[in-house]
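Right, one structure below, let's go through it.
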Amino acid sequence: MASEKNNVTLEKIVSLCKRRGFVFPTADMYGGLNGVYDFGPLGYAMKQNIKKMWTKQLSLVDHDIVMIDGAILGHHAMWSASGHVDSFSDPMVDCLICKKRYRADEINLEKACVHCGNHSWTEARQFKLMFETQIGAMSDAASTGYLRPETAQSIFVNFKNVLGSSRVKIPFGIGQIGKAFRNEITPKQFLFRMREFEQMELEFFCKPEESDSFFDFWKSERYLFYKQLGLDMERIRFRDHAENELAHYSKKCTDVEYEFPFGWKELEGIAHRGSFDLQQHIDHAKKDLSVFEEATRQSYVPHVVETSVGVDRLFLTLLFDAYREDTVDGESRTLLRLHPAIAPVQAAVLPLVKKLDTEAHKIIKHLKKHGYAVQYDASGSIGKRYRRQDEIGTPVCFTVDFETAEDGKVTARNRDTLEQVRIPIDELDHYLQVLMAA
Ligand code: GAP
């Protein structure tokens, strides 16, 4: 085993993603769409695993958490009440010479345009980030709707529906995983800032007087989540927002930040939203969203602690964090040291020679029956096959050799330690279980 380096760059991740079928630019053959991507077979599998881990962690807390799947197309009135119709926008400026567009809060307007070197800007103006559409076939009767820019609002408007139908009591949470859309002025850094992306959001409803302690509770839960994912915790920090940084609806906010090659950036937001969202819908829809407490015989509008992370942004973070280059037996290799429960393929089965195919397929069938994502690879030298698997993060390869038929064992080769051990075939399931739970 030789030295290991994390020489990761955005370009290397983009290229690996395309080469190995994690992520493709959407409609690639037509030139793509800026800020929109398609996930290939490995990307799909890895995303599913991320979502599974997120949901699993929520299911383990000592409070009720239920999930919903709200609509993507949103009611005009709902997005007005939330404040998005009027104020979900970013300041935009254009270079008057080359016409390149920037977010005004991301550049120094005292300086020249980095694209053309001239110094001539338009006035900053607000650019609306929601995608607007017409709902209904008759153009005159159609109403304006929006593609949701966050999943949170469908949780707020369903708060009473869930409370009245699900036998949950305050404090409890409603979680949601789903697509969100923002017409970002400058989509950039691959999956970091996209126009179509997925969010995993939790809105946790509690009594006002308990909201501060639940805010702290969720901060520590989220810390544990990132630790369990196997991220390098030296690259994770929790940054509390200063008073002047807080959104108008937020009482407190903490960004979970990751140190990307392009700097410390937000990965997740944890916000104490008070009763703002429910109160807005109470005021606009004229519906009662308060809850009645038997013990005190009083009604109150619950407070909300939100945790919100982008699936795609976390996907990108995990790739950056897992990427390594090293040298094994004089040959260089690229590997993704992904947590085994996140890796898109959990095990590869490699027959040493074609003749051992039947045995290899029997093992694959057995492991698939137990729910593992398994890949078969019989082409090229065993070293080449190991490297192909290392590059997509497969934590273990099982090699079927001439002794397998005699001793009922395969050689398990570990991606990270390169250790090789013989394991009985009927213990492979257990072996993988232990690996995934680590
Ligand atoms: N409901 C609160 C909310 O949506 P946000 O900070 O705008 O808050 C939450 O978004 C998370 O969603 C971010 O921390 C990020 O992980 C992800 N996210 C936001 N905009 C994104 C974009 N354009 N592309 C990819 N992920 C994005």
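Would you work out which of TYR376, VAL8, ILE65 lies farthest towards the positive end of the dipole of the chain, given +1 charges on the beta-carbon of Lys and Arg and -1 on that of Asp and Glu, about the Cα centre?
Of the listed residues, the answer is TYR376.
Largest first and in whole Å, what are the equivalent-ellipsoid semi-axes of the range 192-238 based on the Cα gyration tensor, each being the root of 5 times an eigenvalue? Could the numbers behind the result be given before it?
Numbers: eigenvalues 114, 65, 15 Å².
Equivalent-ellipsoid dimensions as semi-axes: 24, 18, 9 Å.
Looking only at GLU419, GLU406, GLU266, which one moves most when the chain is put into a Gaussian network model with springs between Cα atoms under 10 Å?
GLU406
With only alpha-carbon atoms counted, please give the Rg and Dmax of the range 1-72, in Å.
Cα-based Rg and Dmax for the range 1-72 come out at 17.4, 51 Å.
With all protein chains present, how much of the accessible area of the chain (probe radius 1.4 Å) comes from carbon and sulfur, to the nearest whole percent? Don't jump to the answer; show the numbers that get you there.
On the way: 10770 of 21180 Å².
For the chain, the apolar C and S fraction of the accessible surface comes to 51 percent.
With a probe of 1.4 Å, find how much accessible area the range 1-153 has per residue, and write the answer as a whole number in Å². Before the final figure, lay out each step's value.
Values: 8790 Å² over 153 residues.
Accessible surface, normalised per residue, equals 57 Å².
How charged is the neighbourhood of ALA104? Take every other residue with its Cβ under 11 Å from the Cβ of ALA104, and add Lys/Arg as +1 and Asp/Glu as -1.
Numbers: positive: ARG101, ARG103, ARG125; negative: ASP90, ASP94, ASP105, GLU106, GLU123.
Value of the local net charge: -2.
Just to compare against my own numbers: the Cα pair-distance distribution for the range 143-270, 5 Å bins, whole % per bin, please.
2, 8, 14, 18, 22, 18, 10, 5, 2, 0
I'd like the accessible area for ILE72: 1.4 Å probe, protein heavy atoms, all chains in place, Å² to the nearest 10.
Taking all protein chains as shown, ILE72 has close to 60 Å².
With a probe of 1.4 Å, find how much accessible area the range 210-338 has per residue, and write the answer as a whole number in Å². Before the final figure, lay out each step's value.
Numbers: 5820 Å² over 129 residues.
I get 45 Å² per residue for this part.
Below 8 Å, C-alpha to C-alpha, sequence gap of six or more: please give me the relative contact order for the chain in percent. Numbers along the way, then the final one.
Values: 804 pairs, mean separation 62.8, N = 438.
Reported as a whole number, the value is 14 percent.
Which lysines have a Cα less than 20 Å from the Cα of LYS100, not counting those fewer than 8 places away in the same chain?
Straight-line reach from LYS100, under 20 Å: LYS111, LYS128, LYS188.
From the Cα trace of the range 73-139, what convex hull volume per residue do you get, rounded to a whole Å³? List each step's numbers first, then the result.
Numbers: hull volume 8.3 nm³, N = 67.
Hull volume normalised by residue count: 125 Å³.
When all C-alpha to C-alpha distances in the chain are sorted into bins of 20 Å, what percent of pairs does each bin hold, rounded to whole numbers?
Pair shares across the bins are 21, 49, 26, 4.
Let's see if you can work this out: charge +1 on each Lys and Arg Cβ, -1 on each Asp and Glu Cβ, no other charges. What is the dipole magnitude of the chain about its Cα centre, in debye to the nearest 20? Write down the numbers at each step before the final one.
Details: 57 positive and 63 negative charges, 212 e Å.
The calculated dipole for the chain is roughly 1020 debye.
Answer rounded, prolate or oblate for the range 117-177, using the Cα gyration tensor with square roots of eigenvalues a ≥ b ≥ c: rounded when a/c is under 1.5, else prolate when a/b is larger than b/c, else oblate. Mind showing how you got there, number by number?
Working: a/c = 4.67, a/b = 1.68, b/c = 2.78.
Oblate shape, in that a/c is at least 1.5 and b/c is the bigger or equal ratio.
Taking a quarter of the surface of the convex hull around the Cα atoms of the range 328-438, what do you get in nm²? Walk me through the numbers on the way to the answer.
Details: hull surface 25.5 nm².
If you wrap the Cα atoms of the range 328-438 in a convex hull and average its projections, you get 6.4 nm².
Using +1 on the beta carbon of Lys and Arg, -1 on that of Asp and Glu, and nothing else charged, what's the dipole of the range 253-318 about the Cα centre, debye to 20? Could the numbers behind the result be given before it?
Values: 6 positive and 12 negative charges, 48 e Å.
Here the range 253-318 has a charge dipole of around 240 debye.
Once the range 325-385 is represented by equal point scatterers at the alpha-carbon sites, with solvent omitted, what log10 I(q)/I(0) does the Debye formula produce at q = 0.25 Å⁻¹?
Treating every Cα as an identical point scatterer, log10 I(q)/I(0) equals -1.07.
Mind pulling the per residue volume of the convex hull built on the Cα atoms of the range 257-391? Å³ is fine. Don't skip to the answer; put the middle values down first.
Values: hull volume 28.5 nm³, N = 135.
It is 211 Å³ per residue.
The values are calculated or read from the model by the stated rules, or taken from the named source; none is laboratory data. Not measured: the values here are computed from a predicted model. When we count neighbours, we look across all protein chains shown, and the Cβ atoms used for this are built from the backbone with ideal geometry, even at glycine. These accessible areas exclude ligands, DNA and RNA; they are computed on the full protein's heavy atoms, side chains included. Shrake-Rupley method; radii C 1.70, N 1.55, O 1.52, S 1.80 Å.
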